[in-house]
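J.: Quick one: structure below, then a few questions.
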Amino acid sequence: MATKEDLIRLERPNSYIGRNLTRSRARRAVAGRGQYTDDVLMPRTAHAAFVRSPYAKARIMRIDTAAAKEQPGVLLVMTGAELAERCTEPWVGTLTCFDGMKSAPQYPMAVDLAVWHGEPVVMVVAETRAEAEDACELVEIEWEPLPPVAEKETALRPGGPVVHPAIADNLAFRKTIDTGKVDEAFANADIVIEETFEFGRHTAVSLEPRALLADYDKGTQRLTIWTSSQCPHMIQAVFARTLGVPEHNVRIVAPDVGGSFGLKIHTFGDEVAATAAAMALGRPVKFIADRLESFVSDIHARENRVKGRIALSKEGVIQAVDIDVLSGAGAYSQYPRTSVFEANQILNITAGPYNHKEYRARATVVYMNKVPTSQYRAVGHPIGNSVGEALVDLAAEAVGQDPVEFRRRNVIPDEAFPTTIAAGIKLQDMSHTACIDELMKRMDYDALRAEQAVLRRQGIHRGIGIAAFIKGTAPGPSGYYGIGGAPIASQDACTIKLEPSGGVLCMVGVTDQGQGVDTVMGQIAANALGVSMESIRVISGDTDAVPYGGGTYASRATAIGGEATYQAALALRAEILVLAGVLLQAEPATLDIVDGIVVDAGTETPRIPLSEIGRIGHFQVAELPNDVKPVLSATRRFRLTDDLYIFTNGIHGAYLEVDPDTGFIKLLKHWVVEDCGRVINPMLADEQVRGGCVQGLGGALYEHCIYDDAAQLQNGTLADYRVPMAFEMPDIEVAHVQNPTTISDLGAKGVGESGTGAAPAVVMNAVNDALRPFKARVTCQPMTPEAVLRALGKV
Amino acid sequence: MTMNTEDTAEITCTVNGERVTRTVRVRQHLVDFLRGELQLTGSHLGCEHGICGACSVRVGGVVVRGCLMLAVQADGAEIVTIEGLTDSEEVADLQENFVARNALQCGFCTPGMLMTAAELLASGRPASREQIREFLSGNFCRCTGYHAIVDAVEATLRQRLEG
């Protein structure tokens, strides 16, 4: 536990907390010296490629691999059935915490039935990737195509096609949150507004595709996997269990990870297959997904249709919100995290900033013969916020109030926290009002409205958007994964050690995909311990080196891993001061550590450097009394206890221009004010918000996995699936209201998804603000030019 | 270039100032050659169909998509990769600004982004943020949202023009 003095140290002017330190990983990357999985070289490495299903649903009648096996360089051809024999049992992507949830059993590759366009069916391993791909062309498969489920709207229709024979009704999960008097509130309301919203499928498009290099050492029975992953320990558990290797014999190394955004918290059948090939061949096997197969095998997300209603008094007070979510999953629920979180989070957070007492939220998650869906940055929040904030804008319009003023009157005021929102979730340390005030200053809102009015008269149609949000970050153990049966740690850990030299090693269970987790952990440890950043090395992403942890997902690295690091460093500091007290004949409480030197507390008179403590503690222990046994190491874990998440909040503003003749949307400026609690490194926090915003904007405006009636993905290339480019994106101004969470001593909340979660909401509100004179409204995402023209009745 | 068989040919080119001669498969693209044969792993493959720009390298003084050019087409060419660009210190100021401004996160797009930005800087002309954004639009970044990249390029341009 942190003492009052420890907490004061966090606030010192020269503290590492709140300072913009640069990242050593960045210094390496700009020189082209990053080491990603494909850059790892092992002698005799073979390469895997996959034959994938060309149909959304088809029975495999016959597979002939003879010609492929004869190809030059081919080492192994393995069918789904052959791989299944090497696996312990199929995956079932359910969690017991989701009552009544169903999913079909899934093998890493299709066995006798392929259920999505892109599902792996046969693996070829050869001396080179090119040779493996050549041989894939010669694998002959006789298919019997079957009618697929291509639309979520018709998936539950009795007598229609089924996605997988194991789930006769195509229903994955239903959930309802209901405060009980919603119908009454709507019946008594002065004003009721309804709208239906449609959200298209997206996928993560990490610039480095999924990547894996597996090596099995038959002598030591060690399986080592280098993989581009956010969650090494989860990968260790799943791969070990699936392939029947003891978990402690599996080492997962995540080298530099070239983008992930949730994609790389998952397990994929092709990666298991490549690992099985390494075990079968007794030589390393590498699998690097190419971009085309990424589009049909990486998880997808966001496909939802939401009907929403909001009930108001004539004074403009929100009485109730009611949403009905139809969520389109893929052919299987993604193991082990499931495909129902998106819907679950929509239910949790929609209209979460507001003070209404009545709330009903229903979700129906259905299976389709499409790529499995699962967690992608800000799971559910882009949808929930878009729906909630669009309804709030319509409500403001209905009572003739400015959308900012309407929000100011309806948000839960800052002083009301802690409180339980209508969705039944306890929230604390929120700052809606403070964030609105800060946003108004930053946007110069009134001036912007005046400019908008002037330009409108000149036929230029600009829109101003506002969107408040709450965001669940840093999930606790009582909610979902571990408690639902998945091998995913919700606590995280840090082991910190003082080396003989006085240097400090800091091993953390959370991982760094470029956010700057290593740097932030270093800043926290350096502050708590009282040493310079230069004397600390942070180690992450290697299950052989770090204490067990959940890794980085759900904006948890700083909030959970940071607190574990903080507590571990305080514990090591305490031990160092005890040892120094023995050596100096002083009370530990009279000593402090400043810049790597034990000093007298208060006067800061130097007494003994940590290099001496390290030297004596490791080499000269004979000088110590026998009952003094230096460990010079501490491990601490941190988890939430009573809370589902550490919730954050904030508000976005957007300014854009719509061309009513072409439907083109030009983003002009974007603002975010958010409250991630104590900010450790403001520059890195800002960049998380900015990058997150652009991912949200991509989904709102461009990104869409388009399927045809046969459930075939139509735009699976980077030329056809549009991600944001530099010239389309605006400058993004970021500010923080710092309201440290009372859940931890450090006070940090998550920040990585706050941009993504609300950017689609604010841009949709801004587009509709621009279209208001036309009485037109866009209610679908992505908001393509076509969607805008359709709203205007022009196409 | 000498064709050995139908499938392979011998090429000689200059890579980062060093003359190299290799036998390559005629279907191998330039970045697979650089990464696989020469172990210059700084050039990355993000799409292999010419869209993302992560594989950008300089060939004969011009930035090209390394995935859209065959290794055999580089016979006789001068090639500069991020490793060579770094060693020459031509963009040391830009790299410094990228680090200082945190204009990269995962770093996968960064070598290509620096290659393209170097071309803009080498033109010696001032550029607005809008023009910088336009110039960099052939290089995708999925992490930063581009704002910090534009800041870093803008700062470098300003420093160079102010001399």
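The values are calculated or read from the model by the stated rules, or taken from the named source; none is laboratory data. Because the structure is predicted, anything quoted here is derived from the model rather than measured. Positions of Cβ are backbone-derived with ideal geometry, glycine not excepted, and every protein chain shown enters the neighbour counts. All accessible areas refer to the heavy atoms of the entire protein, side chains included, with ligands and DNA or RNA removed. Shrake-Rupley method; radii C 1.70, N 1.55, O 1.52, S 1.80 Å.
J.: Look through segment B:108-124, keep the residues that are at pLDDT 95 or above and over 13 Å from the mean Cα position of the chain (by Cα), and return whichever of them is nearest to the other protein chains (Cβ to nearest Cβ). Explain how you work it out, then say what you get.
T.: Let us first name the residues in segment B:108-124 that are at pLDDT 95 or above, namely B:108-122.
Now narrow it down to the ones that are over 13 Å from the mean Cα position of the chain (by Cα): B:121-122.
Working: B:Leu121: 14, B:Ala122: 17 Å.
The qualifying residue nearest to the other protein chains (Cβ to nearest Cβ) is B:Leu121.
J.: What's the number of the condition A:Arg442 fails, among (1) buried (at least 20 other Cβ atoms within 10 Å of the Cβ); (2) in the same structural domain as A:Lys749 (by TED's automatic domain parsing)?
T.: (1) is the only condition that A:Arg442 fails.
J.: When you look at A:Val92, is it touching a Lys or Arg at 6+ places or on another chain (Cβ under 6 Å) and aliphatic (A, V, I, L, M), yes or no? Full working, then the answer.
T.: Details: touching a Lys or Arg at 6+ places or on another chain (Cβ under 6 Å): no; aliphatic (A, V, I, L, M): yes.
Judged against the criteria, A:Val92 is not a match.
J.: Take A:Val272 and tell me if it is among the β-branched types (Val, Ile, Thr), surrounded by fewer than 21 Cβ atoms within 10 Å (Cβ to Cβ) and away from every other protein chain (no Cβ under 14 Å).
T.: Details: among the β-branched types (Val, Ile, Thr): yes; surrounded by fewer than 21 Cβ atoms within 10 Å (Cβ to Cβ): no; away from every other protein chain (no Cβ under 14 Å): yes.
No: the conditions fail for A:Val272.
J.: Quick test for you: out of B:Val57, B:Val63, B:Val24, B:Val72, pick the one residue that is assigned to a strand (DSSP E or B) and either away from chain A (no Cβ under 14 Å) or in contact with a Pro (Cβ under 7 Å, 6 or more places away or on another chain) (or both).
T.: Values: B:Val57 fails: either away from chain A (no Cβ under 14 Å) or in contact with a Pro (Cβ under 7 Å, 6 or more places away or on another chain) (or both); B:Val24 fails: either away from chain A (no Cβ under 14 Å) or in contact with a Pro (Cβ under 7 Å, 6 or more places away or on another chain) (or both); B:Val72 fails: assigned to a strand (DSSP E or B).
It is B:Val63.
J.: Touching a residue at least 60 places away in the same chain (Cβ under 8 Å) and open to solvent by less than 30 Å² (accessible area, probe 1.4 Å): which single residue out of A:Ala398, A:Ala390 fits that description? If you could, list the steps in order and put the result at the bottom.
T.: Values: A:Ala398 fails: open to solvent by less than 30 Å² (accessible area, probe 1.4 Å).
Just one listed residue meets the conditions, A:Ala390.
J.: Within the bounds of segment B:29-43, is there any residue that is part of a loop (DSSP other than H, G, I, E, B), open to solvent by 40 Å² or more (accessible area, probe 1.4 Å), closer than 30 Å to A:Ala204 by Cβ and within 11 Å of chain A (Cβ to nearest Cβ)?
T.: Yes: one or more hits.
J.: Could you list, in sequence order, the residues of segment A:131-153 that are of a type outside the set (A, V, I, L, M, F, W, C), over 30 Å from the mean Cα position of the chain (by Cα) and not in a loop (DSSP other than H, G, I, E, B)?
T.: The answer is A:Glu131, A:Glu133, A:Asp134, A:Glu140, A:Glu142, A:Glu144, A:Pro145.
J.: Check whether at least one residue in segment A:626-645 is assigned to a helix (DSSP H, G or I), buried (at least 20 other Cβ atoms within 10 Å of the Cβ) and touching a helix residue (DSSP H, G or I) at 6+ places or on another chain (Cβ under 7 Å), and report yes or no. I'd like the intermediate steps shown before the answer.
T.: Initial filter on segment A:626-645 (assigned to a helix (DSSP H, G or I)): none.
Scanning segment A:626-645 turns up no residue that is assigned to a helix (DSSP H, G or I), buried (at least 20 other Cβ atoms within 10 Å of the Cβ) and touching a helix residue (DSSP H, G or I) at 6+ places or on another chain (Cβ under 7 Å).
J.: Quick one: how many residues across segment B:111-163 are of a type in the set (S, T, N, Q) and touching a Gly at 6+ places or on another chain (Cβ under 8 Å)? Spell out the reasoning first.
T.: Applying the first criterion (of a type in the set (S, T, N, Q)) to segment B:111-163 yields B:116, B:123, B:128, B:131, B:137, B:139, B:144, B:156, B:159.
Adding the requirement that they be touching a Gly at 6+ places or on another chain (Cβ under 8 Å) leaves B:116, B:139, B:144.
Within segment B:111-163, residues that are of a type in the set (S, T, N, Q) and touching a Gly at 6+ places or on another chain (Cβ under 8 Å) number 3.
J.: Of the conditions (1) away from chain A (no Cβ under 13 Å); (2) touching a helix residue (DSSP H, G or I) at 6+ places or on another chain (Cβ under 6 Å), B:Asn16 satisfies every one except a single condition; which number is it?
T.: It is condition (1) that B:Asn16 fails.
J.: For segment A:195-212, does any single residue satisfy the condition of being surrounded by 15 or more Cβ atoms within 10 Å (Cβ to Cβ), within 14 Å of another protein chain (Cβ to nearest Cβ) and among the basic types (Lys, Arg)?
T.: Yes - at least one qualifying residue is present in segment A:195-212.
J.: Then there's this: Does at least one position in segment A:749-757 carry a residue that is touching a Gly at 6+ places or on another chain (Cβ under 9 Å), surrounded by 22 or more Cβ atoms within 10 Å (Cβ to Cβ), polar (S, T, N, Q) and not in a loop (DSSP other than H, G, I, E, B)?
T.: Applying the first criterion (touching a Gly at 6+ places or on another chain (Cβ under 9 Å)) to segment A:749-757 yields A:749-757.
Restricting the remaining residues to those that are surrounded by 22 or more Cβ atoms within 10 Å (Cβ to Cβ) gives A:749-757.
Among the residues that remain, those that are also polar (S, T, N, Q) are: A:754, A:756.
Filter once more, keeping what is not in a loop (DSSP other than H, G, I, E, B): A:754, A:756.
Taking every residue of segment A:749-757 in turn, at least one turns out to be touching a Gly at 6+ places or on another chain (Cβ under 9 Å), surrounded by 22 or more Cβ atoms within 10 Å (Cβ to Cβ), polar (S, T, N, Q) and not in a loop (DSSP other than H, G, I, E, B).
J.: Suppose the filter is within 26 Å of A:Ala486 (Cα to Cα) and touching a strand residue (DSSP E or B) at 6+ places or on another chain (Cβ under 6 Å); does A:Gln106 pass it? Write out each step before concluding.
T.: On the way: within 26 Å of A:Ala486 (Cα to Cα): yes; touching a strand residue (DSSP E or B) at 6+ places or on another chain (Cβ under 6 Å): yes.
So A:Gln106 fits the description; yes.
J.: Quickly run through segment A:553-588 and pick out the residues that are open to solvent by 10 Å² or more (accessible area, probe 1.4 Å) and either outside any helix (DSSP H, G or I) or of a type in the set (Ser, Thr, Tyr) (or both).
T.: A:Tyr553, A:Ala554, A:Ser555, A:Thr558, A:Gln585, A:Ala586, A:Glu587
J.: Take segment A:717-773 and flag every residue that is among the aromatic types (Phe, Trp, Tyr) and in contact (Cβ under 8 Å) with a residue 24 or more places away in the chain.
T.: Initial filter on segment A:717-773 (among the aromatic types (Phe, Trp, Tyr)): A:721, A:727.
Once the filter is applied, which keeps residues that are among the aromatic types (Phe, Trp, Tyr) and in contact (Cβ under 8 Å) with a residue 24 or more places away in the chain, segment A:717-773 yields only A:Tyr721.
J.: Within the bounds of segment A:236-254, is there any residue that is under 15 Å from A:Leu207 (Cα atoms) and surrounded by fewer than 19 Cβ atoms within 10 Å (Cβ to Cβ)?
T.: Here is the first cut: in segment A:236-254, the residues under 15 Å from A:Leu207 (Cα atoms) are none.
For segment A:236-254, residues under 15 Å from A:Leu207 (Cα atoms) and surrounded by fewer than 19 Cβ atoms within 10 Å (Cβ to Cβ): absent.
J.: Out of all the residues in segment B:2-9, is one or more within 11 Å of another protein chain (Cβ to nearest Cβ), out of contact with any Asp or Glu (no Cβ under 8 Å at 6 or more places or on another chain) and acidic (Asp, Glu)?
T.: Of all residues in segment B:2-9, those within 11 Å of another protein chain (Cβ to nearest Cβ) come to B:7.
From what is left, the residues that are out of contact with any Asp or Glu (no Cβ under 8 Å at 6 or more places or on another chain) are B:7.
Of the ones still in play, those that are also acidic (Asp, Glu) are B:7.
Checked segment B:2-9: at least one residue is within 11 Å of another protein chain (Cβ to nearest Cβ), out of contact with any Asp or Glu (no Cβ under 8 Å at 6 or more places or on another chain) and acidic (Asp, Glu).
J.: Of all the residues that make up segment B:64-92, how many are closer than 17 Å to B:Asn139 by Cα, open to solvent by 30 Å² or more (accessible area, probe 1.4 Å) and within 9 Å of the chain's Cα centre (by Cα)?
T.: 2
Residues are listed down the side, and each one gets a yes or a no for (1) more than 8 Å from chain A (Cβ to nearest Cβ); (2) surrounded by fewer than 24 Cβ atoms within 10 Å (Cβ to Cβ):
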| site | (1), (2) |
| --- | --- |
| B:Pro126 | yes, yes |
| B:Asn139 | no, no |
| B:Gly145 | no, no |
| B:Ile149 | no, no |
| B:Ala152 | yes, no |
| B:Gln159 | yes, yes |
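J.: So, A:Thr742, is that one of a type in the set (S, T, N, Q) and under 21 Å from A:Gly653 (Cα atoms) or not? Before you say what the answer is, go through the steps one by one.
T.: Numbers: of a type in the set (S, T, N, Q): yes; under 21 Å from A:Gly653 (Cα atoms): no.
It is false that A:Thr742 is of a type in the set (S, T, N, Q) and under 21 Å from A:Gly653 (Cα atoms).
J.: Can you find a residue that is at positive phi and modelled with pLDDT of 95 or more anywhere in segment A:617-630?
T.: As a first pass, look at segment A:617-630 and keep what is at positive phi: none.
The answer is no, given that none of the residues of segment A:617-630 is at positive phi and modelled with pLDDT of 95 or more.
J.: Give the residue that is most open to solvent (accessible area, probe 1.4 Å), with candidates limited to residues of segment A:159-193 that are under 18 Å from A:Arg309 (Cα atoms) and in a loop (DSSP other than H, G, I, E, B).
T.: Restricting to residues being under 18 Å from A:Arg309 (Cα atoms) and in a loop (DSSP other than H, G, I, E, B), the top hit is A:Lys181.
J.: How many residues does segment A:488-546 contain that are among the charged types (D, E, K, R), surrounded by 24 or more Cβ atoms within 10 Å (Cβ to Cβ) and in a strand (DSSP E or B)?
T.: Residues that pass the stated criteria total 1.
J.: Just give me the residues in segment A:281-335 being in a strand (DSSP E or B), surrounded by 22 or more Cβ atoms within 10 Å (Cβ to Cβ) and basic (Lys, Arg), in sequence order.
T.: A:Lys286
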